[in-house]
Amino acid sequence: MSHVVEKSAEWIYRGIWRVLVEWFRVPDQPPVLPSAMQGELRVFHPSRRFLTYLKVVFWLALALVDAVILAGWMLLYWGSPVWAWILTLPALTLAIVPDIIAYIALHLMYDTIWYAVSERGVHLRRGIWVITEHTISIANIQNVSITRDPLEQILGIATLVVETAGASAAEDANSLSVGNRVIMIGLDNANEIRELLMFKIGASRSSGLGDPFEGRPSKSRQTAQWSAADLALLRDIRDEVAAGYLA
């Protein structure tokens, strides 16, 4: 029964996704970072295990609802078997329809979450009706942390929290992007992404804000560019000034 329900939900989902992409212009391609932040780019969804995580949470909640429905049906059957059989179809509908709705909603959530990491920035895109894009600069990142709840530990996934200066613990941790924070949920390589970000942060800060602008030579380069003719001219000027002063 569950296999039939899942196949039906998958068929309905493909149709809904096609409508969203073609008619409502929901993007089905990876996000593109601003030109100032492009370069070597790594783009990815959450792990497929994140879908399992969402389904487990849903099934736990649905099991409670189904238990209540079953208990109510049994009480009704004990009191009035006729009405219990009449209400069997609505009860089954309440048990099956949420499965289909949840399948569609969870897959839509998964397919519309994108992460992008470049040399200069971290980018998040999410949403269906309202599409949110959030970008923070590598140079502004102050902290990168990893959190796991018990179920995430079992499934081998984690949440990566990327914070810039001014991020507050009071910000809603359930939102994927709030102010100075980007929350990358459902990663099966959170440690790898954290190390990648820390490397890029170190590379960004090691360049230093005081480095010469690209295309403008440093003082040492400017000194090295004086030719012998230039130096000879400067000596002549020095001698003329000295001669005039002595005169």
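Structure notes:
- Dividing the alpha-carbon radius of gyration of region 1-155 by the rule-of-thumb value 2.2 N^0.38 Å gives 1.43.
- Cut-off under 5 Å, modelled amide H: who pairs with Val26 long-range: Val21
- Note on region 1-138: with charges restricted to the Cβ of Lys and Arg (+1) and Asp and Glu (-1), its dipole about the Cα centre is near 160 debye.
- Placing pseudo-labels 7 Å out from each Cα toward the beta carbon at Asp188 and Asn143 gives an inter-label distance of 3.0 nm.
- Gln153/Leu41 FRET efficiency (R0 30 Å; Cβ-Cβ; nearest 0.05): 0.50
- Paramagnetic reach from Ile96 in region 51-87 [backbone N under 15 Å; point 7 Å along Cα→Cβ]: 87
- Of the residues Val21, Tyr103, Ala63, the one whose Cα sits farthest toward the positive end of the charge dipole of region 1-150, with +1 on the Cβ of Lys and Arg and -1 on the Cβ of Asp and Glu, is Val21.
- Potential lengthening between Ser204 and Thr52 on full extension [0.36 nm per residue; Cα-Cα distance subtracted]: 51.1 nm
No lab work stands behind these numbers, since they all come straight from the coordinates. These numbers come from a predicted model, not from an experiment. We place every Cβ from the backbone using ideal geometry, glycine too, and count neighbours over all the protein chains shown.
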